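The values are calculated or read from the model by the stated rules, or taken from the named source; none is laboratory data. Please read these numbers as outputs of a predicted model, since none were measured by experiment. When we count neighbours, we look across all protein chains shown, and the Cβ atoms used for this are built from the backbone with ideal geometry, even at glycine. The protein model used for the area step is the full one, side chains on, heavy atoms only, and it has no ligands, DNA or RNA in it. Shrake-Rupley method; radii C 1.70, N 1.55, O 1.52, S 1.80 Å.
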Amino acid sequence: MSDERPVGPVDTTRVPRFAAPPTFALLPRLEDVGGRCDVAVVGVPFDAGTTYRPGARFGPAAVRAGSRLLRPYHPELDVAPFGTVQVADAGDVACTPFAIAEAVPAIADAAGALLERAGALVALGGDHTIALPLLRAVAARHGPVALLHFDAHLDTWDTYFGAAYTHGTPFRRAFEEGLVDVDALCHVGIRGPLYGVDDLVEDARMGFAVVTAADVLREGPDAVAAGLRERVGARPLYVSVDVDALDPAHAPGTGTPEAGGLTSRELLAILRALRGLRLVGGDVVEVAPAYDHAEITAIAAAHVAYDLVSLLALAPGR
Ligand code: MN
Ligand code: MN
């Protein structure tokens, strides 16, 4: 953190929220704060890895629009993140929509370059493919990280139609590349039909624990979070949130919806109970606004991103 006071969002007592420039939470752009910041919010509008409904390339713009109503003080975490650290909107990563094998390293390079100027990134997807290059950039700085992965789906499958890099495979690739700490991996929100029981066997072999959506219902967010905290410990932590961890009632605007998911209240309660962990980065992905209604999904994702920024502002040893 620099000695200067952080530059905060647009003063909404002077400029109406709906009239301000469309950055995340009305924050300054990275170039408006001297090109350096503590936490950068960055869009990754890539969706060529989707298997069902496409459209998450429009996620970053939708989440920024859904973030206009975020205010600067987070009462549950008792932090004003934008006054505690310098947070800025770094715009969107430009990458080809035609070639996944080109886009993945391009995203990793862009994230790595941005981490030269920002202490940590919160990425707005984009489909879940982007978690792999983001983890490459994060692991290059921090080494293998603990991973808490909120999703209806395991995303540890091997290939689809022979393709190794898709939104259903990022965490198997991350495991193979040694980007994650195999003693501290957990999925949260898992539900819905699988191809077979081997999906779970393979996933467990990679070291993942699973907290299902039904577990969240039975145990409650605080007990779930206590288990996650124990698993992560003092390790550097990456949090990846597929918005389809939420029930379609709370996030209809996504590519592969599954019934029986978390409420946004449950998801945010779990995230907030991670306060004090050594978060080093995160993402919220799979917002596909063409299937959204009344910005339900975009607003939920904006709150997730706000909580990730707040947890980063509070993280020790950042
Ligand atoms: Mn998913
Ligand atoms: Mn996913």
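Any idea of the accessible area per residue across the range 202-265, 1.4 Å probe, to the nearest Å²? Display every interim value, and only then the final one.
Values: 2580 Å² over 64 residues.
Value returned for the range 202-265: 40 Å² of accessible area per residue.
Rounded to the nearest 5, what % of DSSP beta bridges with both residues in the chain are antiparallel? Please report the intermediate quantities before stating the final value.
Values: 3 of 40 bridges.
Of all bridge pairs located within the chain, approximately 10 percent are antiparallel.
Please sort by residue number the chymotrypsin sites (Phe, Trp or Tyr not before Pro) in the range 183-249 whose DSSP state is loop and whose Cβ has at most 13 other Cβ atoms within 10 Å. Please report the intermediate quantities before stating the final value.
Working: sites: Tyr195, Phe208, Tyr238; in loops: Tyr195.
When the chymotrypsin sites (Phe, Trp or Tyr not before Pro) of the range 183-249 are filtered for loop state and at most 13 Cβ neighbours within 10 Å, Tyr195 remain.
What ratio of Cα Rg to 2.2 N^0.38 Å holds for the chain?
On the way: Rg = 17.8 Å, N = 318, 2.2 N^0.38 = 19.6 Å.
So the Cα radius of gyration is 0.90 times the expected 2.2 N^0.38 Å.
Could you state the orientation-averaged shadow area of the convex hull built on the Cα atoms of the range 177-241, in nm² to one decimal?
Computed as one quarter of the Cα hull surface, the answer is 5.1 nm².
Report, as a whole number in µm² per second, the diffusion coefficient that Stokes-Einstein gives for the range 236-318 at 37 °C and 0.692 mPa s using the Kirkwood radius over alpha carbon pairs. Kindly include the intermediate steps, with their values, before the conclusion.
Working: Rh = 12.9 Å.
The Stokes-Einstein estimate is 255 µm²/s.
Given the Cα-Cα distance of Leu194 and Arg36 and 0.36 nm per residue of separation, how much length would full extension add, in nm?
Details: separation 158, 0.36 × 158 = 56.88 nm, distance 4.36 nm.
Computed gain between Leu194 and Arg36 is 52.5 nm.
If I take every Cα pair under 8 Å that is 6 or more residues apart in the chain, average their sequence separation and divide by the length, what percent do I get for the relative contact order?
Relative contact order of the chain: 21 percent.
Go ahead and set up a Gaussian network model of the chain, Cα springs under 10 Å, then flag whichever of Ala40, Ala298, Ala110 fluctuates most.
Ala110
When only alpha-carbon atoms count, how far does the range 46-107 stretch along each of its three principal axes, as whole angstroms with the largest first?
Principal extents (largest minus smallest coordinate, Cα): 43, 24, 17 Å.
Let me test this: with uniform point scatterers at the alpha carbons of the range 63-205, what is the Debye-based log₁₀ I(q)/I(0) at q = 0.13 1/Å?
Here log10 of I(q) over I(0) equals -0.69.
When ligands, DNA and RNA are left out and all protein chains stay put, how many square angstrom of accessible area per residue does the range 64-117 have with a 1.4 Å probe? List each step's numbers first, then the result.
Working: 2550 Å² over 54 residues.
I get 47 Å² per residue for the range 64-117.
Are there GluC sites (Glu not before Pro) in the range 153-230 that DSSP marks as loop and that have at most 15 other Cβ atoms within 10 Å, and which are they? Please list the in-between numbers first.
On the way: sites: Glu176, Glu177, Glu202, Glu219, Glu230; in loops: Glu177.
Loop-located and lightly packed - Glu177.
I'd like the carbon and sulfur percentage of the solvent accessible area for the chain, probe radius 1.4 Å, heavy atoms only, ligands and nucleic acids excluded.
On the way: 7070 of 12750 Å².
Ligands and nucleic acids excluded, carbon and sulfur reach 55 percent.
Using r as the Cβ-Cβ distance of Arg5 and Leu69, and R0 as 25 Å, what FRET efficiency do you calculate, to the nearest 0.05? Don't skip to the answer; put the middle values down first.
Details: r = 24 Å, r/R0 = 0.96.
Given R0 = 25 Å and the Cβ-Cβ separation, E is 0.55.
Mind checking which helices in the chain clear 15 Å along their axis (Cα) and have mean Kyte-Doolittle hydropathy of -1.0 or more, DSSP H runs only?
Working: long enough: 100-115 (22 Å, 1.52); 131-142 (16 Å, 0.75); 221-232 (16 Å, -0.03); 296-314 (27 Å, 1.78).
Membrane-span-like by this criterion, though nothing is claimed about a membrane: 100-115, 131-142, 221-232, 296-314.
Measure of size requested: the Rg and Dmax of the range 87-169, with Cα atoms as the atom set and Å as the unit; please supply both.
13.1, 40
Fully extended, how many nm does the chain gain between Ala234 and Asp158 (0.36 nm per residue separation, minus their Cα-Cα distance)? Intermediate results must be reported in sequence, preceding the final value.
Working: separation 76, 0.36 × 76 = 27.36 nm, distance 3.00 nm.
Result: 24.4 nm gained on full extension.
Counting only the backbone N, which residues of the range 40-69 are under 11 Å from the spot 7 Å out from the Cα of Phe98 toward its beta-carbon?
Taking a point 7 Å out along Cα→Cβ of Phe98, no residue of the range 40-69 has its backbone N under 11 Å.
For the range 216-262, how big is the tail of P(r) above 18 Å, as a whole percent of Cα pairs? Display every interim value, and only then the final one.
On the way: 495 of 1081 pairs.
Counting pairs separated by more than 18 Å, the tail of P(r) holds 46 percent.
What is the calculated FRET efficiency for Glu176 to Asp222, with r their C-beta to C-beta distance and R₀ = 35 Å, to the nearest 0.05?
About 0.55, to the nearest 0.05.
Report the Cα centroid-to-centroid distance between the range 166-199 and the range 246-299 in angstrom, as an integer.
18 Å
What are the equivalent ellipsoid semi-axes of the range 1-84, built from the alpha-carbon gyration tensor (square roots of five times its eigenvalues), in whole angstrom, biggest first?
Numbers: eigenvalues 137, 51, 37 Å².
Listed largest to smallest, the semi-axes of the range 1-84 are 26, 16, 14 Å.
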